[in-house]
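The values are calculated or read from the model by the stated rules, or taken from the named source; none is laboratory data. Since the model is a prediction, treat every value here as computed from it, not as a measurement. Quick reminder, even Gly has a Cβ in these numbers, built from the backbone with ideal geometry, and neighbours come from all protein chains shown. For the accessible areas, the whole protein counts, side chains as well, though only heavy atoms, and no ligand, DNA or RNA atoms are used. Shrake-Rupley method; radii C 1.70, N 1.55, O 1.52, S 1.80 Å.
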Amino acid sequence: MNQRAPDVRDAEGQRRALRAALRRADLTVEALWLRYFAVGGAAGPLEVEGWMEGLLELSAAERDVLAVAANESLDEITGTSRVPYTRPLREPRPQRGPLAALATLLEQERRDPEGGLPAAAAAAGRALGSELVVHLVDDEQRVLVPLVAAGGAGVEPLSVDGSLAGRAYQLGRPQAAAHGERPQLWLPLTEGVRRLGVLQVSVAEAAELHDPLVRQQCGWVAGLLGHLVVAASRRGDDIHAARTRRPRTPAAELVWNLLPPPTAGDERFQLSALVEPASSVGGDVFDYALSQGRADLAVVDATGHDLGAGLVASAALAAYRAARRAGHGLSAQAAAVDEVVTEHFSSAAPTGVLATLDLESGRLRYVTAGHPSPLVLRDGRVVTSLDAGRRPPFGSGTGELTVGESVLQPGDAVVLYTDGVVEACDPQGQHFGRLGLVDALERAASAGHSPPETVRRLVHTVLSHRGDVLEDDATVLLARWSGPARPVLPGDGWL
C-alpha cells in the first residue's frame, strides 16, 4: 500500500517523525548524519542538526536521504520503515498475480540457479492461483520429461506423438483439457523460436482454460522459464540429466558441446537441425550464423562413428568458424577446412556443404565437398537439387573450385543432409534412399509443419526405417526463407 506523504510545505511532519525514530532507535544526530552521508547525503552535520532543531531548511531530496538513513537503522531493529518520505512510495512487491510470479522466478534464479527450477515454477504457479510443472523434451524429441523438485513424487514422461502435451509442443500453440481431476492447459516452452518442452498449467475451473488473460499471464511465465532453463543448462548437469535418455559416448559429448542451438531465426528466416543417434553421434556436425542480411550454413560429415571422427569433425568446424568470423568468403572457408584436415588428419577426408544466403535477394551461394547435394523445397514439393559448386572432400585437394549459385523464392526451404540419412537400411537391406527422403520431406511440408517439426518427423521416419538403430550418423538441416524484410507500416503491430 502506498505510504502517504505528509504536508511538506514546512517539513514539520517529516521532522517530528524523524525525531521519534531517533528516540526509538536510540540514535544520535551525529550517528544519523554518518549514515546519511554514507548513503549519499550532501548536507554537513551542522546543517542536519540545524534542520532537526527547526533552525534551517533542507531540500526535499536531502530530507528523503535522511529518511532512508533513519529507516535503515529502524530496519535493523524492527524491520519496519517509520519515517515518511516527501513523495508517495511505489507499491511493495505484490504477493499474487503475474508480476509476483515473474519476481519469484527471478529471485529463485539468483538463489538456486539450477536445482530450484521445479520449486520456482511451483511458487510462480501459486502466485497465479495455478499449479505449474515444466516438462522438457528429451534429446531425441520423443518424450516430454517432467522436472520434479528433489524428493518429489515421480511423474511419467509424456509422448510427443501421443499426448495433448506433445501436440502443444508440435504445433507451438496452447492446448486445453477440461477432463480429469483438474482442468489443464499446456503451453509451449521456448527460448525465442527454440523449442524446449511444455508448461503444464492446472487451473481451478474449466472456464479459465479459455480465458485470454490467463493464457497471456501463463505465457509470460513460460517465456521467462524458457530462458531460465537454457541458463541453468549451461551451469550444471540437472537439465542435461533430465533430457538425456541414454548415456552419451565421449564422441557424442564432444559433438553436442560444439553444436549451436538446434533452432534459430526470425519472421523472415528460420532453420532447424537434428543429429542422430543423439547418444552416440560421432562424425556429423552442423553450424549456422545469422547476421544482418545474411545467413551462413554448414554441414560436415567425418567418416566413422567414434571419437576419432568426432575430432576430425570438430577441427573442421572450428576452421570453418574461424574463417567465417574473420569475414572470409566460401572459397577461403573451404580452404581453411582443407588446411586443418591436411595438416592434422592426413588420412581423413570429411565431406560437407558450406553455404551463404542473402536474406534480401534470396541469392544462395554454396560449395559441396564430396557431399550429397542439397535439396530445395517449394510449396510442399522438392523442386530441385543443388548440384553445382562441387569439389572433392575436404583435405583431398580442391580440384577445380567453383561456387554454385541459386536464387530462392519466398517460402523456399533448403535442406542439407548427410549420407547417413539416405544410406540407412531396413532389416531387409533396403536403403532409405533419396526417394525416401524426398517423400518424407514432402509429406511433412505439405502438412504445414514448422521447420523444427518437419525436421523432427523426417529424422524419426529415418530412424523407424532403420529400426531405431543407426549404423551411421544422420543429420538434417532445413532452412526456410520467407522473403525480404518489408518496411513497418502505420498500424502494424509488433510481431
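Worth a mention:
- Here the gap between residue 106 and residue 407, fully extended at 0.36 nm per residue and compared with their Cα-Cα distance, gives a gain of 103.8 nm.
- Gyration tensor verdict on region 241-400 (Cα atoms; rounded if a/c is under 1.5, prolate if a/b is larger than b/c, oblate otherwise): oblate
- Between residue 425 and residue 171, full extension at 0.36 nm per residue minus the direct alpha carbon distance yields a gain of 88.4 nm.
- Fraction of alpha-carbon pairs over 13 Å apart in region 191-254 - percent: 72 percent
- With the alpha-carbon atoms of the chain aligned to their principal axes, the span from lowest to highest coordinate is 95, 55, 50 Å, starting with the largest.
- Cβ-derived FRET efficiency at R0 41 Å, residue 257 paired with residue 388, nearest 0.05: 0.75
- Using a probe of 1.4 angstrom and keeping all protein chains present, the accessible surface of the chain works out to 47 square angstrom per residue.
- Mean silhouette area of region 382-474, derived from the convex hull of its C-alpha atoms and averaged over all directions, reads 7.5 nm².
- Apportionment of accessible area to carbon and sulfur, region 201-307, percent (1.4 Å): 53 percent
- With Cα atoms as the point set, region 328-402 shows a radius of gyration and Dmax of 13.8, 44 Å.
- Using heavy atoms of the protein chains and a probe of 1.4 Å, the accessible area assigned to residue 106 is about 80 Å².
- Dipole-positive endmost among 240, 85, 327 within the chain (Cβ charges, Cα centre): 85
- Taking trypsin sites (Lys or Arg not before Pro) in DSSP loop states with no more than 11 other Cβ atoms inside 10 Å as exposed sites, the chain has its longest site-free stretch at 236-495.
- Whole-percent carbon and sulfur share, accessible surface of region 361-405, 1.4 Å: 44 percent
- Only Lys, Arg, Asp and Glu carry charge here, each on its Cβ (+1 for the first two, -1 for the last two); on that basis the chain has a dipole of about 980 debye about its Cα centre.
- Of the two radii for region 194-304, the radius of gyration is 1.06 times the Kirkwood radius, both from the alpha carbons; that is the Rg over Rh value.
- A full extension of the chain between residue 179 and residue 335 corresponds to an added length of 50.1 nm, given 0.36 nm per residue minus the alpha carbon distance.
- Protein-only accessible surface order, largest first, of 218, 425 at 1.4 Å: 425, 218
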